[in-house]
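**Q** Input: one structure, supplied below.
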Amino acid sequence: MRIGVDYYPEHWDRKMWSADARLMAETGVKLVRLAEFAWCRLEPSDGVFDFDWLDDAVRIFADHGIDVVIGTPTNCPPRWLCEKHPDILPVGDSGKTNPIGIRGHRCMNSPVFREYAGRIVDRLAAHYKNFGNVIAWQIDNELEANICYCETCTDKHREWLKNKYGTIEALNRAYGNVVWSGEYSSWEQVDPPYGGYNPAWLNPAYMLDLRRRAAEDVTEFAEFQADIFRSHIPGAKITTNTWFCSNIPAFRELFADLDFVSYDNYPATGIPDDYEDIYTHAPHLDLMRGIKRKDFWIMEQLSGGIGCWMPMQKTTRPGMIKGYALQAFAHGADTVVHFRWRTANTGAEMHWHGLIDHSNVPGRRFAEFAELCREAEGLADLRGTELHADAAVLFSPESEAAFKLQPQTDGFSYMEQIKLIHQAFARYGVNVDIIDEHEDISQYKIICVPALYIVNDDTVSRLYSFARSGGTVVITARSGVKDSNNNCIMEQLPTVYKELAGCHVSEYDPIGWSRAKLRFTDGAVFDCRQWCDILETDTAEALACYDSDFYAGKPAVTVNRYGSGTAYYIGTVGERRMYEKLAKTMLDDSGIPYIAELPENVEVTVRTGNGVAAMFVFNNSGSEKTVHLDGKDITLEPFGMSIIRK
Ligand code: GLA
Ligand code: ZN
């Protein structure tokens, strides 16, 4: 287990570098990430490269036994390049070129940009392959699948559509363009969605295709850079740091060609009181691990209070710096890189706090970080261990994008659906995977399919055979709603899952923030919100019925025997306790071992491998907790972690 920091030598006086590196080495920092925004210093003018300063920094770190990850600076083309070739800049929805001033100001598809980006990546690879302590490469920074409205992108999209649909008539049919007289008569009429409209006003089929293509572009851009590295450095270790941005890339495809996943992890510092408010980043971490189904890195980790494009948030509470890094380890991270060594004194992010404050006087947060570094050294034996899970949640970036385009009802969130079901199982201390819907599911006992809105035939048939051969499937409301064009399917919901669920939706009630009630056959009553599918059972039996409104008495949650397996259908969004009740039944029925009594917000995961098994017991709360495990009481401080080797 390795701890690193994000460091920006170009932000600091050169005289500070050695002292910083010395303190890092003394503290136990094993690696730094450098240079991901430093293009203007690496290539101060066209074709004139200056790597001397970065060489010095890399050597200083080498002298202190610290490894380096170099980030490619392609997120931030320098001003001279933007001036010389304004067509590398992205174009916004007004049709006007976006001004420079922030970052991310490049069109990934621009051929001129590709030339310059390719050239600097090539130079960096050729140069730094000779530095023994440069151990990995980060492509760009937080790549996002945003839509660019430039001519190159528009032409590219038209070609993409021609490939996909063949004829303009087929495209019109697929999109239902007859609605509002939107039929195209030529490919040239297919424009990006100018005008800055709320996407909900636009054709969902057209919008989803745009998002798909933008996501493919990101994958292709990363591959373009990765290929350059590999041409110089066979076996180069390449990643890109990702997060849950507004337009998320296609995680699985993006990382398919890269060597490991890395994630920028910023858990909340203000802990909400309401149990319904899921603040843990455990689901995010499990999803990141699920992308390649192996250990991953945190490339940026919470270090202090955040704030810059929002008002400043609470500082990291005592225990959080250490606890949240160890929580990442507990979910499969093998390296955690803290953002950032020192808070910036200049630039827009000067209030996004690092480990050391503006004063450069190490304080409370730094002392806790030093403790983390010491503890991480004691975990060396767990390197290469992994999490193995019997339960998994399916995640679909396409459904995520489609829900963002059409938000359904007030407060309905796809990510919340994922988290609710993930947390219900995690509550019992079992490992839970979150994997892409296209991944193999045969090794699991329970597969949860929250709101799998867009139908993919292959996923559907794998879910049927999984249940047939004895697995438990959990389907929730808004599954099976749309075909692959993001159009509604003309069948009773849950359409393709109807036979598996053994029930159908006779009508639905999108209740938003209003409350409904449901009652289980054993008398347990729960609130529900956002969505009520009014169910009719076919072969299923009702486990819970609504206890409110005109559909009181109608089924809300059902269970169906299918083949040798079982399918649950949850037609609403319930309280967390409702999911926990169902999860317990499923764990019992599937014979998965679990911990029946864990205090609220205590998280347990197990990593195994290399002949070791370690149980991570984490108190993800601001108050002391006592956990009773294997006949012993363990007391955990706020955000405290206990690691028990078996
Ligand atoms: C992101 C970026 C960083 C920095 C941090 C904090 O995660 O990758 O460059 O901007 O946010 O602001
Ligand atoms: Zn463009």
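**Q** About the Cα centre of the chain, what is the dipole size in debye to 20, counting +1 per Lys and Arg Cβ and -1 per Asp and Glu Cβ, all else neutral?
**A** Details: 65 positive and 91 negative charges, 175 e Å.
Computed about the Cα centre, the dipole is about 840 debye.
**Q** Okay, next question. Under 1.5 on a/c is rounded, so check that first for the stretch 3-144, then, if it is not, pick prolate when a/b is larger than b/c and oblate when it is not; a ≥ b ≥ c are the square roots of the alpha carbon gyration tensor eigenvalues. List each step's numbers first, then the result.
**A** On the way: a/c = 2.29, a/b = 2.06, b/c = 1.11.
Prolate is the answer for the stretch 3-144, as a/c is 1.5 or above and a/b outweighs b/c.
**Q** Can I ask one more? Under 25 Å from the Cα of Lys314, which lysines turn up, not counting those fewer than eight places away in the same chain?
**A** Candidates past the 8-residue exclusion: Lys322, Lys419, Lys625.
**Q** Same structure again: Reachable aspartates and glutamates from Lys517, Cα under 12 Å, same-chain residues fewer than 8 places away excluded?
**A** Once the sequence-local aspartates and glutamates are set aside, what remains near Lys517 is Asp527, Asp547, Asp549, Glu575.
**Q** Name the shape class, rounded, prolate or oblate, that the alpha-carbon gyration tensor gives for the stretch 235-316, where a ≥ b ≥ c are the square roots of its eigenvalues, rounded holds for a/c under 1.5, and otherwise prolate holds if a/b is larger than b/c and oblate otherwise. Spell out each step's value before the answer.
**A** Numbers: a/c = 2.31, a/b = 1.81, b/c = 1.27.
Cα axes put the stretch 235-316 in the prolate bin.
**Q** Same structure again: Could you give the size of the charge dipole of the stretch 24-125 about its Cα centre, using +1 on the Cβ of each K and R and -1 on the Cβ of each D and E, expressed in debye and rounded to the nearest 20?
**A** Numbers: 12 positive and 15 negative charges, 75 e Å.
Around 360 debye, computed over the stretch 24-125.
**Q** If the only charges are +1 at each Lys and Arg Cβ and -1 at each Asp and Glu Cβ, what is the size of the charge dipole of the stretch 72-153 around the Cα centre, to the nearest 20 debye?
**A** Values: 9 positive and 9 negative charges, 64 e Å.
Taking the Cα centre of the stretch 72-153 as origin, the dipole is about 300 debye.
**Q** In whole Hz and in residue order, list the ³J(HN,Hα) couplings for the stretch 635-646 that follow from phi through the Karplus curve 6.51 cos²θ - 1.76 cosθ + 1.60, θ = phi - 60°; x for Gly and Pro.
**A** Taking θ as phi minus 60°, the curve returns 9, 10, 5, x, 6, x, 10, 10, 10, 10, 8, 9 Hz for the stretch 635-646.
**Q** Around Asp547, which amide H atoms from residues at least 5 apart in sequence, or from another chain, sit under 5 Å from its own amide H, with H modelled in the peptide plane?
**A** Lys517, Leu518, Arg519, Gly553
**Q** Going through the cross-link list Lys156/Lys294; Lys498/Lys581; Lys30/Lys292; Lys292/Lys404, which pairs have a Cα-Cα distance over 29 Å in this structure? The partial results should precede the final answer.
**A** On the way: Lys156/Lys294 34 Å; Lys498/Lys581 24 Å; Lys30/Lys292 24 Å; Lys292/Lys404 25 Å.
Check vs 29 Å cut-off fails for Lys156/Lys294.
**Q** List the GluC sites (Glu not before Pro) within the stretch 552-646 that DSSP assigns to loop and that have no more than 13 neighbouring Cβ atoms inside 10 Å. List each step's numbers first, then the result.
**A** Working: sites: Glu575, Glu580, Glu597, Glu600, Glu603, Glu624; in loops: Glu575, Glu597, Glu600, Glu624.
Those satisfying the criteria are Glu597, Glu600, Glu624.
**Q** In the stretch 31-61, which residues have a backbone nitrogen under 18 Å from the label point lying 7 Å from Met16's Cα in the Cα-to-Cβ direction?
**A** Residues 32-38, 41, 53-54, 56-58, 60-61 qualify, since their backbone N sits under 18 Å from the label point.
**Q** On to the next question. Along the charge dipole of the chain, Cβ charges K/R +1 and D/E -1, which of Leu171, Ala256, Thr539 sits furthest on the positive end?
**A** Looking along the dipole axis, the top candidate is Ala256.
**Q** Going by average Cβ density within 10 Å per residue, which order do the peptides 503-512, 334-343, 266-275 take, highest to lowest? The partial results should precede the final answer.
**A** Working: 503-512: 18.2, 334-343: 24.2, 266-275: 13.5.
The packing order, highest mean first, is 334-343, 503-512, 266-275.
**Q** So what's the gap between the Cα centers of the stretch 440-513 and the stretch 380-425, to the nearest angstrom?
**A** The stretch 440-513 and the stretch 380-425 have Cα centres spaced 15 Å from each other.
**Q** Work out from phi, with θ = phi - 60° and the Karplus expression 6.51 cos²θ - 1.76 cosθ + 1.60, the ³J(HN,Hα) of each residue of the stretch 544-554, listed in order in whole Hz, and give x for Gly and Pro.
**A** Karplus values, whole Hz, x for Gly and Pro: 8, 10, 5, 10, 7, 6, 6, 9, 3, x, 7.
**Q** Where a Cα-Cα gap under 24 Å defines reach, which lysines qualify for Lys162, not counting those fewer than 8 residues away within the same chain?
**A** Lys482
**Q** Would you please classify the overall shape of the chain from the alpha carbon gyration tensor, given that a ≥ b ≥ c denote the square roots of the eigenvalues, rounded means a/c under 1.5, and beyond that prolate means a/b larger than b/c while oblate covers the rest?
**A** Values: a/c = 2.01, a/b = 1.20, b/c = 1.67.
In terms of gyration-tensor shape, oblate.
**Q** From the residues Asn456, Gln408, Val430, which one has its Cα farthest along the dipole of the stretch 402-463 in the positive direction, the dipole being from +1 and -1 charges on Cβ of Lys/Arg and Asp/Glu about the Cα centre?
**A** Val430
**Q** Using the C-alpha gyration tensor of the stretch 602-645, what are the square roots of 5 times its eigenvalues, in whole angstrom, with the largest one first?
**A** On the way: eigenvalues 84, 27, 9 Å².
Ellipsoid half-lengths, sorted descending, are 20, 12, 7 Å.
**Q** Putting +1 on Lys and Arg Cβ atoms and -1 on Asp and Glu Cβ atoms, find which of Ile595, Leu210, Phe224 reaches farthest to the positive end of the dipole of the chain.
**A** Result: Ile595, furthest along the dipole toward the positive end.
**Q** Ignoring everything except DSSP H segments at least 4 long, calculate the 222 nm mean residue ellipticity for the chain; use -39,500 (n - 2.57) per segment, divide by total residues, nearest 500. Could the numbers behind the result be given before it?
**A** On the way: 17 runs with 200 residues, N = 646.
Only helices count here, giving -9500 deg cm²/dmol.
**Q** On to the next question. Quote to one decimal, in nm, the extra length available between Ile102 and Ala170 on full extension: 0.36 nm per residue of separation minus the C-alpha distance between them.
**A** On the way: separation 68, 0.36 × 68 = 24.48 nm, distance 4.06 nm.
Length gained between Ile102 and Ala170: 20.4 nm.
Each value in this text was obtained by applying a stated rule to the coordinates, not by laboratory testing. These numbers come from a predicted model, not from an experiment. Note that we place each Cβ from the backbone using ideal geometry, even for glycine, and neighbour counts take in every protein chain shown.
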